[in-house]
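Below you'll find the structure, written out as structure tokens, and then a few comments.
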Amino acid sequence: MSKITFAIVGLGHIGKRYADLIQSREDAQIAALVEINVDLHSSLNNDYSCPVYSDINDLIKHQDLIDVVCIATPNYLHCEQAIFFLNQGIHVVIEKPMGLTSLECQLVIDTAKMNNRNVFCVMQNRYSPPSSWLKSVVDSNLLGAIFHVQINCFWNRDNRYYQNSSWKGKKQLDGGTLYTQFSHFVDTLYWIFGDIENVQSRFYNYNHKESIEFEDTGLINFDLVKGGSGTISYSTSVWNKNLESSITVIGERGSIKVGGQYMEKVLHCDIENYVMPILPESNAANDYGNYKGSAANHQYVIQNVIDFLNGVDDIKTSAEEGMKVVEIIERIYNS
């Protein structure tokens, strides 16, 4: 198995997580980093012992042995940069969301096919033990017909989160709360239960009027294409710290609730003639100081990239699936 060479674009919290994970592996290495903030270059060079560039064009000029680029830049740059690297013959890992429109995501997919390269979308909640267990329960039809699915996401994202960012909270650069905070949970819905239809939504901005150009709270009703109904309730107006991310499923032969701050615990399982197994512990949430994100499962994403390029696994989250999540969010906002 060959050693896979990576470059990382954007060295914020998630970019540094990629760098730390790749640096710790014997079957991968960091070839270069790209970070627009030149004040960070010296420390990044010391930490990761590789060249650091301030522009993706400089990266391409000086590096010709890169297998994969991890794109961890602001949302609005994801598709543009993915297309750039795919046209250079480089595979790409795209942080969530894949893009801000399904049209630009389709351009990424077309470019990948044209260049015979691959796109890996990051939806790391799929690797959470409760999420993968819930999918296996639904796929095995243990619940019978699905009657109702309810997703609640109640987080804290106050001015501490937005005050030092040049793009978060801006509609054209960020996209909205469902893109930046809760796209993982839209993916969980689609991954386990399939597509939705008959969407009706209401949006509010209660206490972020000075910091964001879109909603901080939303109420969404929909039908599942496969049968059953559903709701998503979300808010980033929770005081001080996250409250919960949960999914409740009501089925013909049982009910389940997965909850906690980021769907890391099975809180309820009552299924006809079924004994709940003991699941592995979930990884801790991504900790950003004043706030927390979803589970820290990026190591599985990197493992999947390496395994796929060495021919021993399939892509776990395809570009088509990444685009589908964006398309669902578009429909929710347009409803």
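Just a few scattered comments:
- Cβ-Cβ FRET estimate between residue 80 and residue 171, R0 fixed at 22 Å, reported to 0.05: 0.80
- For segment 137-173, backbone nitrogen atoms closer than 16 Å to the point 7 Å from residue 274 Cα along Cα-to-C-beta are found at 137-150.
- Computed over the chain with a Gaussian network model linking Cα atoms closer than 10 Å, the most mobile of 296, 31, 145 is 145.
- When both bridge partners sit in the chain, DSSP labels roughly 60% of those beta bridges antiparallel.
- The chain: angle of helix 183-193 to the longest principal axis, Cα-based, in degrees nearest 10: 50
- Candidates per trypsin sites (Lys or Arg not before Pro) in segment 224-273, loop by DSSP, up to 14 other Cβ within 10 Å: 226, 241, 253
- Toward the positive end of the charge dipole of the chain, with +1 on the Cβ of Lys and Arg and -1 on the Cβ of Asp and Glu, the farthest Cα among 119, 306, 173 is that of 173.
- Across segment 1-65, Cα pairs under 8 Å and at least six residues apart give a relative contact order of 32 percent.
- Lysines with Cα under 26 Å of residue 3, excluding same-chain neighbours fewer than 8 positions away: 16, 61, 96, 113, 316
- Working note: Debye formula, equal point scatterers on the alpha-carbon atoms of segment 198-271, no solvent; log10 I(q)/I(0) at q = 0.26 Å⁻¹ is -1.17.
- Spin-label pair residue 200/residue 334, simplified geometry with 7 Å Cα→Cβ offset, distance in nm: 2.0
- In a fully extended conformation the segment linking residue 233 and residue 250 would gain 4.5 nm over its present Cα-Cα distance, using 0.36 nm per residue.
- Simple Cβ-charge dipole of the chain, Lys/Arg +1 and Asp/Glu -1, about Cα centre, in debye nearest 20: 480
- Residue of 270, 39, 67 that the Gaussian network model of the chain assigns the largest fluctuation, springs spanning Cα pairs under 10 Å: 39
- Stretching the chain fully between residue 54 and residue 41 yields a gain of 3.8 nm (0.36 nm per residue, less the alpha carbon separation).
- The lysines whose alpha-carbon is closer than 20 Å to the alpha-carbon of residue 209, local same-chain residues fewer than 8 away aside, are 168, 170, 171, 241.
- Estimated from helices alone, the mean residue ellipticity of the chain at 222 nm is -9500 deg cm²/dmol (sum of -39500 (n - 2.57) over DSSP H runs with n ≥ 4, per residue).
- Overall form of segment 50-107 per C-alpha gyration tensor (a/c, 1.5; a/b vs b/c): prolate
- Dividing the mean sequence gap of close Cα pairs (under 8 Å, 6+ apart) by how many residues segment 4-122 holds gives a relative contact order of 23 percent.
- In the chain, a dipole from Cβ-located charges (positive for Lys and Arg, negative for Asp and Glu) runs towards its positive end, and of 78, 30, 136 it is 136 whose Cα lies farthest in that direction.
- Considering only 92, 186, 225, the mean-square fluctuation computed in a Gaussian network model of the chain, springs between alpha carbons under 10 angstrom, is largest for 225.
- Assuming charge only on the beta carbon of Lys and Arg (+1) and of Asp and Glu (-1), the dipole of segment 4-122 about its Cα centre is about 240 debye to the nearest 20.
- Relative exposure of 206, 179, 127, judged by other C-beta atoms within 10 Å (fewest first): 206, 127, 179
- Relative contact order computed over the chain (Cα-Cα under 8 Å; 6+ residues apart), in percent: 18
- Helix 298-309 axis, angle to the chain major axis (alpha carbon atoms, nearest 10°): 70
- In range of the label at residue 141: residues from segment 249-276 whose backbone nitrogen is under 14 Å from the point 7 Å along Cα→Cβ: 252-253
- On Cα atoms only, tilt of 129-139 relative to the major axis of the chain in degrees: 60
- Averaging 1/r across all pairs of distinct Cα atoms in segment 4-122 and inverting the result yields a Kirkwood radius of 14.2 Å.
- Debye-sum result for the chain in log10 I(q)/I(0), which assumes one identical scatterer on each alpha carbon, at q = 0.07, 0.09, 0.14 Å⁻¹: -0.29, -0.48, -1.17
Taken together, the values in this text are just the output of simple stated rules run on the coordinates, not laboratory data. It should be emphasised that the depicted structure is a prediction, and the values quoted were computed from it without experimental measurement. Counting neighbours? That spans all protein chains shown, and the Cβs are built from the backbone with ideal geometry, glycine included.
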